[in-house]
Amino acid sequence: MKLRSVAAALSVVSSSILFAAPDEAALREKVAALLAQMSTEEKIGQLVQYSAPGAETGPATRRNVEAEIAAGRVGSILNAIGVEQTRHYQKIAVEQTRLKIPLIFGYDVIHGYQTIFPINLAQAASWDLAAIENSERIAAIEASAAGIHWTFAPMVDIARDPRWGRVMEGSGEDPFLGSAIARARVRGFQGDDLTNPESLLACVKHFAAYGAAQAGRDYNTTDVPEIVLRDVYFPPFQAALEAGVGTFMAAFNDLNGVPASASKFLMTDVLRKEWGFDGFVVSDWTSIRELLPHGIAADEPEAALLAFNAGVDMDMESRLYLPHLPALVESGAVPMSRLDEAVTAILLAKARLGLFEDPYRGTSEEREKQAMLRPEHLEAARDLARKSAVLLKNERSTLPLRKDAKIALVGQLADTQRDLIGEWRARGREEDAVTVRTALEKAYPGRVTYALGAKSMGDDRSGFAAAVAAAKKSDVVVAVLGEGWFLSGEASSRSSIKIPGVQAELLAELRKTGKPVVLVLFAGRPLALANVLDHVDALLLAWLPGTMGGPAIVDLLSGAFSPSGKLPMTFPRNVGQVPIFYNHRATGRPFDPAKGPDKWKSQYLDVPNTPQFPFGFGLSYTTFKYSDARVASPTLDANGNQRISVTVKNTGRVEAAEVVQLYLRDVAGSVTRPVRELKGFERITLKPGESREIVFTLKPQDLAFHRTDMSFKPEPGKFEVFVGPDSTAPKIGEFTYRDPAQN
Ligand code: GLC
């Protein structure tokens, strides 16, 4: 059907009558009919997104948002909170504008809405895709009940530098794990039907390579070779797209000389032409206006022109599309076809959400109240917090604590609610968070002595004496130390990744008492722990564990559950090793510690090349035995499968989960290849004595990588296979990939 004829057949009617059919083709026709009625100014109005005044998440000046909405100059509002405020703005849009096009409300629902889950890097340590998907489903239930339609999540930036504060928001250093988690998060948010009023439209961000910021300094320049872009940084975005993500967010960073928000390569050539994306791209905060300080736009009109023609459809808070696009369209610098493409994508997103049928998506004060902090939400948060914690050290079985233990609980972070919920807490309320202290005193009534010891920041040592005194009269010390919530997140990079303040000194003083010391570590990033490891007998990494963090940590300290987390990001020995990640390339002079000292190899004079704790590492209260590992066939053919199997047995005395990991090494390729790459994992729970065979199936496409011509293919040759509990897993065999077409 010619869209013009549909438009001609329709008088100017409010958009609400237009949208009844649920199927895509019908939606597209009706969006086209609506578009045909829109003036250029009304089209440009759809590209404009403002923050609700008073809730800005970046540098901004306020304006009269109501008047702008009524004038048809706003397509979206972010940071509008709650049913009352969103209904207020929506009512203006659907009653006072000529075409009554509804607004779409966006918000950063990053690790929960009111029920706050562990920070995303912590969640990645669970390797539990079902639990992660469920956490996003719960976040969608709570946020949609508050009138939110669209979340600026999942953040999928691969991160190899713990100095960067936003590592807390992503899934760590590995593209395979990051891709699996990206899919799970999109499924959780969007469900299988965006018209379901409990679904959220997702927004995968920050496209692209924001995590490669030089020196780990937020917003800094990134220089990333295209092969690395495509093999490391792109895959989680492609995974989100495969899962149906409806929107992308353009990144702030200068990528190889072109800021992402002006990158036609990213937003059009890759995203739309190569990957076939048909949703829309929103800028990140003022990233369009920032093209001026980047030095790629000489003035505001040029910034608007570069971003819009590159493929950034919606202007979040730069306020450049509204004033400058009319003249750019008039002059032809911006083709009307480009404007129509952007507006169509935005209107389609609104239509797919069902906003034209019900702009309020069934929200009510009652539904909003009913949705929040349900018992099953809190239990899911506690479960994920348990699974996210990583046991990094446990000598002399210091953990779990004895049932009758007298415990000295030390540290400000044991007793503060705000730190539990981390940054990007959405509407998480600290008063709902349960601290370690509250949970421990409940689990060990009358046997916990709390002493502050030291705050998480500053050099006040006046609390040391009381903490040492408490330790002396107890059986064991539990010190909850590390980073407060404000040391990670956006605009929170650190040049040192040590435990801040005088907390390490406090640990040394506690060690002198001779009592066993358990460190429960709060952190938004990998930390350098070399200066504290000798002072502790056990170390449980709790990250920033969310609303139910306290009970979850005590579930582990008490032995009710065994820790099962595995690091999604390498822990360096010191910041001088950074960037350090497991899937690095070999160099021509790889240092092999097994061969002993050898000066002329790639190494440091003052520290081993190995990390403090490797990617994939995490201990348990039980032990697991790996046996019968085998590679089914010595060869893999172009249309064959390779079966890799291993038997895992719980050889200890408690039930626990293990994450069995499969790594490959492509020994030689037309470009240098990583010394290992994660190619499979399975999280299993085994009772004492229970065994299970784990089977991984590899296809030739699992061996593919980008070559110098950017083709993505496997190459014939030898592959080494590693299977085990972390990225140092032993070699269990090898096979040869043969491709007759390439021989
Ligand atoms: C921020 C963040 C981005 C967030 C947006 C809206 O600057 O970079 O991740 O979604 O602005 O709050």
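The values are calculated or read from the model by the stated rules, or taken from the named source; none is laboratory data. All values reported here derive from a predicted model rather than from experimental measurement. Neighbour counts run over all protein chains shown; Cβ positions are idealised from the backbone, glycine included.
Key figures
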{"read-out": "Selection status of L99, touching a Gly at 6+ places or on another chain (Cβ under 8 Å) and surrounded by fewer than 24 Cβ atoms within 10 Å (Cβ to Cβ)", "value": "yes"}
{"read-out": "Sole residue being free of Cβ contacts under 8 Å to residues at least 60 places away in the same chain and within 30 Å of K30 (Cα to Cα), chosen from T97, T86, T61", "value": "T97"}
{"read-out": "Number of positions in region 280-316 that are outside any helix (DSSP H, G or I) and within 16 Å of the ligand (Cβ to nearest atom)", "value": "16"}
{"read-out": "Scan of region 691-715 for residues that are of a type in the set (D, E, K, R) and under 20 Å from V232 (Cα atoms), ordered by number", "value": "K699, D702, R707, D709, K713, E715"}
{"read-out": "Tally of residues being under 29 Å from D739 (Cβ atoms) and either of a type in the set (D, E, K, R) or touching a residue at least 24 places away in the same chain (Cβ under 8 Å) (or both) across region 625-655", "value": "17"}
{"read-out": "Subset of region 435-475 [farther than 23 Å from P545 by Cα and among the hydrophobic types (A, V, I, L, M, F, W, C)]", "value": "F464, A465, A466, A467, V468, A469, A470, A471"}
{"read-out": "Within region 69-84, considering residues that are away from the ligand (no atom under 16 Å from the Cβ) and surrounded by fewer than 24 Cβ atoms within 10 Å (Cβ to Cβ), the one nearest to V281 (Cα to Cα)", "value": "R73"}
{"read-out": "Test for D340: is it acidic (D, E), within 16 Å of the ligand (Cβ to nearest atom) and assigned by TED's automatic domain parsing to the domain that holds C203", "value": "no"}
{"read-out": "Hey, I119 among the hydrophobic types (A, V, I, L, M, F, W, C) and more than 17 Å from L353 (Cα to Cα) or not", "value": "yes"}
{"read-out": "From the options A262, A250, residue that is in contact with a Phe, Trp or Tyr (Cβ under 9 Å, 6 or more places away or on another chain) and either touching a residue at least 40 places away in the same chain (Cβ under 8 Å) or not assigned by TED's automatic domain parsing to the domain that holds R163 (or both)", "value": "A250"}
{"read-out": "Residue tally, condition assigned to a strand (DSSP E or B) and within 15 Å of the ligand (Cβ to nearest atom), over region 256-271", "value": "1"}
{"read-out": "Qualifying residue in region 128-140 (condition: modelled with pLDDT of 95 or more, more than 25 Å from A433 (Cβ to Cβ) and not assigned by TED's automatic domain parsing to the domain that holds L540)", "value": "yes"}
{"read-out": "Selected residue [buried (at least 18 other Cβ atoms within 10 Å of the Cβ), over 30 Å from G550 (Cα atoms), touching a strand residue (DSSP E or B) at 6+ places or on another chain (Cβ under 9 Å) and touching a residue at least 12 places away in the same chain (Cβ under 8 Å)] from A146, A52, A125", "value": "A52"}
{"read-out": "Listing of strands (runs of 3 or more DSSP E) fully contained in region 600-708 that carry 2 or more residues being surrounded by 15 or more Cβ atoms within 10 Å (Cβ to Cβ), touching a Phe, Trp or Tyr at 6+ places or on another chain (Cβ under 7 Å) and modelled with pLDDT of 95 or more", "value": "642-650, 656-666, 677-686"}
{"read-out": "Region 276-288: number of residues that are without any contact (Cβ under 8 Å) to a residue 40 or more places away in the chain and either buried (at least 22 other Cβ atoms within 10 Å of the Cβ) or in contact with a helix residue (DSSP H, G or I) (Cβ under 6 Å, 6 or more places away or on another chain) (or both)", "value": "4"}
{"read-out": "Set V390, V434: member being in contact (Cβ under 8 Å) with a residue 24 or more places away in the chain, among the β-branched types (V, I, T) and under 19 Å from G112 (Cα atoms)", "value": "V434"}
{"read-out": "All positions within region 140-166 that are over 14 Å from the mean Cα position of the chain (by Cα) and among the aliphatic types (A, V, I, L, M)", "value": "A140, I141, A143, A145, A146, I148"}
{"read-out": "Selection status of A159, in contact (Cβ under 8 Å) with a residue 12 or more places away in the chain, in a loop (DSSP other than H, G, I, E, B), of a type in the set (A, V, I, L, M, F, W, C) and within 16 Å of the ligand (Cβ to nearest atom)", "value": "yes"}
{"read-out": "Meets criteria (over 28 Å from the mean Cα position of the chain (by Cα) and either assigned to a loop (DSSP other than H, G, I, E, B) or crowded, with 24+ Cβ neighbours inside 10 Å (or both)) for E357", "value": "yes"}
{"read-out": "Single residue of V228, V224, V245 found to be out of contact with any Leu (no Cβ under 7 Å at 6 or more places or on another chain) and assigned to a loop (DSSP other than H, G, I, E, B)", "value": "V245"}
{"read-out": "Any hit, region 522-534, residues being surrounded by 19 or more Cβ atoms within 10 Å (Cβ to Cβ) and of a type in the set (D, E)", "value": "no"}
{"read-out": "Check on D218, within 16 Å of the ligand (Cβ to nearest atom), surrounded by fewer than 24 Cβ atoms within 10 Å (Cβ to Cβ) and of a type in the set (D, E, K, R)", "value": "yes"}
{"read-out": "Matching residues in region 449-492 - criterion: being crowded, with 24+ Cβ neighbours inside 10 Å, more than 11 Å from V410 (Cα to Cα) and among the small types (G, A, S)", "value": "G482, S488"}
{"read-out": "Pairs where the first residue, in region 171-187, is aromatic (F, W, Y) and the second is assigned to a helix (DSSP H, G or I), C-beta under 9 Å, 6+ apart", "value": "F176/P235"}
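Each row is one residue, and each column tells you yes or no for (1) within 30 Å of T40 (Cβ to Cβ); (2) in the same structural domain as A523 (by TED's automatic domain parsing); (3) in contact with a helix residue (DSSP H, G or I) (Cβ under 6 Å, 6 or more places away or on another chain); (4) of a type outside the set (D, E).
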position: A67; (1), (2), (3), (4): yes, no, no, yes
position: V74; (1), (2), (3), (4): yes, no, yes, yes
position: E84; (1), (2), (3), (4): no, no, no, no
position: H88; (1), (2), (3), (4): yes, no, no, yes
position: Q96; (1), (2), (3), (4): yes, no, yes, yes
position: I101; (1), (2), (3), (4): yes, no, yes, yes
position: T115; (1), (2), (3), (4): no, no, yes, yes
